[in-house]
1. As a check on your grasp of the helix formula, calculate [θ] at 222 nm for the chain: sum -39500 (n - 2.57) over DSSP H runs of n ≥ 4, divide by the residue count, round to the nearest 500.
2. By counting other Cβ atoms within 10 Å of each Cβ, how are 267, 187 ranked from fewest to most?
3. Just to verify a number: FRET efficiency for residue 311 and residue 43, C-beta to C-beta distance, R0 = 35 Å, to 0.05?
4. What is the spin-label model distance, in nm, from residue 346 to residue 70 if the labels are put 7 Å beyond Cα along the C-beta direction?
5. Is the shape of the stretch 94-377 best called rounded, prolate or oblate, per the rule: a/c under 1.5 gives rounded, else a/b larger than b/c gives prolate, else oblate, with a ≥ b ≥ c the square roots of the Cα gyration tensor eigenvalues?
6. Which residues among the stretch 329-352 fall inside the zone where the amide N is under 18 Å from a point 7 Å beyond the Cα of residue 92, along Cα→Cβ?
7. Put a dot 7 Å past each Cα toward the Cβ at residue 79 and residue 154; how far apart are the dots in nm?
8. Output the antiparallel fraction of DSSP beta bridges having both residues in the stretch 94-377, as a percent to the nearest 5.
Ligand SMILES: [Zn+2]
Ligand SMILES: [Zn+2]
């Protein structure tokens, strides 16, 4: 029996090695833009935009820095040592995990951080989840384990997914949300519906960059925007699905959600279309080693520069401290962000949250007006 198991293990290792060699050898493709695509049913908001670029094999391509991720680079990183290994091991600082119940069960508009890239946003009365990953996802190492908030959530209207990576798009979480909230609508980048339709029956809409989703009412507006990243869930589906960031608008607030991104001109491009961003939700972690991460993940310094480019009011940092995805120690991203913000005289702009901490919007006149209208509507239609 033991010999049999060893033989199986050897065959498995051989097959895996052969597949890896085949992938590495076939990875000489250059990212060349061949044509442009969009969702023809949605509005494109940038007048001179020809559509989201794809290459000859139909893979999506970044418009500013064309890029195809290489398995050989991933292997080279994994086989090289981490120069901060000891520092990372001894870094005992962890994010605090608060109780989200009060905000989740209230009717107050605001933003609650679920850890990593996950947020629960209530805007103009709509409950919106961004990149939710509840509990402990498979194959992802964690610095802190966050209990699932699902049973405390009373309603979900929209779920926004930035891209298909497992720290942003978790099959089990998506299924749990769809099961509890069959009316929840899912929004994502082009071809993400092909993944989601195998998981859930909920209504799903996909957009190309610079497109506006069609929502059932006017309470909020949601737009899909380019960021510098990539997609893959398996070994052979590189860039088959589209990645992106979001603008969410309502009740006088404009929120930007970056998903995952390296630095580029897209922040200025976004600001040209949305010049009054209030909350700028941006990743600051998983940025080392820079040679490997730089095309895909901002460093904290990049994030501050992106915030300046976007001319936004407040920066809400994310994508650090929950999942262990890179070489830097867990407390380094936030420290570096705060140092950089201090150097640039921007410390009062940083709204760093603990996990499950919420941030209630400053009440503007427009906000007050829409809040009042909502209360009126509730009064007349109390069951709505
Ligand atoms: Zn990613
Ligand atoms: Zn990520």
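Each value in this text was obtained by applying a stated rule to the coordinates, not by laboratory testing. A quick note: this is a predicted structure, and the numbers were derived from the prediction, not measured. Neighbour counts run over all protein chains shown; Cβ positions are idealised from the backbone, glycine included.
1. Details: 11 runs with 109 residues, N = 384.
Mean residue ellipticity, 222 nm, calculated: -8500 deg cm²/dmol.
2. 187, 267
3. Values: r = 24 Å, r/R0 = 0.69.
Efficiency, from the Cβ-Cβ distance: 0.90.
4. 3.2
5. Values: a/c = 1.29, a/b = 1.09, b/c = 1.19.
Here the stretch 94-377 falls in the rounded category.
6. 329-332
7. Result: 5.6 nm between the two label points.
8. Values: 27 of 47 bridges.
Around 55 percent of the beta bridges assigned by DSSP in the stretch 94-377 are antiparallel ones.
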